Every structure is written in structure tokens, then in C-alpha cells.
Amino acid sequence: MTYIDLLAKLGPWFERGRAAAGRRPDGTPVVPCRAGCTACCRGPFDISPADAAVVAEGLAGLDGATRAALRERAAAQLARYRALAPGWRPPFDVGGLPEADFDGLVLALEADPCPALGADGGCTVYSHRPATCRMLGLGMVSEELGMLENTCPIQAEHPEYAALAPTPFDLLGFERASERAEEAAAAAGWATTTVAAVLAGFGRWAAADGPEGR
């Protein structure tokens, strides 16, 4: 199974959680996630090497004009990275920046739209979006790893949604299944980086500047 196939399995998991949550008295779903809601498509976040490779694959499948627009928006976000963390350089390896510095950068840019976000409110690399984007919107509980809270930023606007019990998810199994893809992506030079870095063409180590040489 490829990593993109593994990611596709997150869709049915999310839909099961949405269905289990039911509907409000007015008939609308308790889980408000829907096409066009961009509340969670804000601010930078780290993505794994396998996710970076998948985002790059999605970018490559777009038409030239769309790719150019995404690269331009991504480059603008990277310029803000450099202003906030002057020593951070390509491939913008999250592990190469002190955690407090990355947290500060995330906080400073929390309102900035993801450069993959289109004018219509849709994700331009939707079928190749990272695992984080597919999981966000439901709390989850893993038998081995415990509970991970739902980090949707608009929960306060939807009390029934905020009060939902976490949805069971075999997170450890997912991580085990993705290990080979992560190793292959890292071996191919992909870093643990951000969507903006990948879209701008800087999410991969140069041959002479790999992580082993830092």
C-alpha cells in the first residue's frame, strides 16, 4: 500500500466520526466541517517527510498557472519565516529550529492562510493534503496513546461539537503502517517541514546538505 492510499483511509474514519456525532435539532450536522470552511487552514504547521513528498506530488499534477500562484503565495509566507527566524533556511527543517522559536513563529502567523488555500475556499492539493489536515476536526482516542484533543479553532461557536467524545482511532497502527513511507521519503531528501516550504520548492535537502551533514 502506498502512503497516499494509507492517507485515503482517513476519510472513512472521519466520516464515521461525523455520522456518529449526529445532527442538531435544525438538521445540520453536529460536526460543522464542510467544504468552504477554512478555519483550520491557517498558520504554518509541521508535516512529515512522507507528507511533504505527497504535497509535492499534488503540486506537480496541477496546471502551470495554478502551480505558479501557489509558489508565489508560498514564497511570501517563507519571507515571513525568514523575518521571524533569520537563521532558519531551506529546507526549513522543523527539527533544526528550537521548539520555542517554531512555536513563536506559528503563533505570529496563526491567521495567515495556508498557501494551498484557493480563492474559492478549497484546497488546491486536496487529494494530496497532509495527514494532519485529514485528522483535524475530531478528537481521537487511541488505545495505546490515549486521547488527542480536537484542535478545531471554532469549537467555541458550536457547543455540541466541542462536547463530543473523542472518536476511536488506531493512531499507533497508522504510524506503524506509514513507517516505510516515512523512511523512503527521508532517504529521498524530504525534511520534516511545512506546506509552504514544499510548495515553494524548498522542502527537500540538497544532496550536499542532507540532515546527516548538519
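Here, each number is a calculation from the coordinates, and none is a lab measurement. The shown structure was predicted, so the numbers you read here are calculated from the model rather than taken from an experiment. Every residue, glycine among them, receives a Cβ derived from its backbone with ideal geometry; neighbour counts consider all protein chains shown.
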**Report entry** Mean Cβ neighbour count within 10 Å, used as a protection proxy, ranking 66-75, 128-137 highest first
**Finding:** 128-137, 66-75
**Report entry** Residues whose placed amide H lies under 5 Å from that of C123, excluding near-sequence neighbours
**Finding:** G118
**Report entry** Options (i) 1, 6, 12, 15, 15, 14, 12, 9, 7, 5, 3, 1, 0, 0; (ii) 1, 7, 14, 18, 19, 18, 13, 7, 3, 1, 0, 0, 0; (iii) 1, 8, 14, 19, 19, 14, 10, 7, 4, 2, 1, 1, 1, 0, 0 - which one matches P(r) over Cα pairs in 5 Å bins from 0, in percent as calculated here
**Finding:** (ii)
Report task. Give the distance, in whole Å, between the Cα centre of the range 152-168 and the Cα centre of the range 2-29. Result -> 14
Requested in this report: With a cut-off of 16 Å, note down the residues of the range 141-165 whose backbone N falls inside the zone around a label point 7 Å from the Cα of E15 toward its beta carbon.
Outcome: none
Report task. May I ask you to compute the full-extension gain from I4 to L84, defined as 0.36 nm times their residue separation minus their alpha-carbon distance, rounded to one decimal in nm? Result -> 25.5 nm
Query raised in the report: Once both axes come from the Cα atoms, what is the angle between helix 171-187 and the longest principal axis of the chain, in degrees from 0 to 90, rounded to 10?
Result: 20
Requested in this report: Please determine, in degrees from 0 to 90 and to the nearest 10, the orientation of helix 49-60 with respect to the longest principal axis defined by the Cα atoms of the chain, where the helix direction is its Cα long axis.
Outcome: 80
Query - Angle in degrees between helix 10-21 and the longest Cα principal axis of the chain, rounded to the nearest 10 - result: 30
Query raised in the report: Between D26 and A165, what FRET efficiency follows from the Cβ-Cβ distance if R0 is 25 Å, with the result rounded to 0.05?
Result: 0.70
Query - Calculated [θ] (222 nm, deg cm²/dmol) that DSSP helices of n ≥ 4 give over the chain, each run adding -39,500 (n - 2.57) - result: -12500 deg cm²/dmol
Query raised in the report: Amide H neighbours of R42 under 5 Å, counting only residues 5+ apart in sequence or on other chains, H built in-plane at 1.01 Å?
Result: C114
Query - Segments 21-30, 44-53, 158-167 sorted - mean Cβ within 10 Å per residue, highest first - result: 44-53, 158-167, 21-30
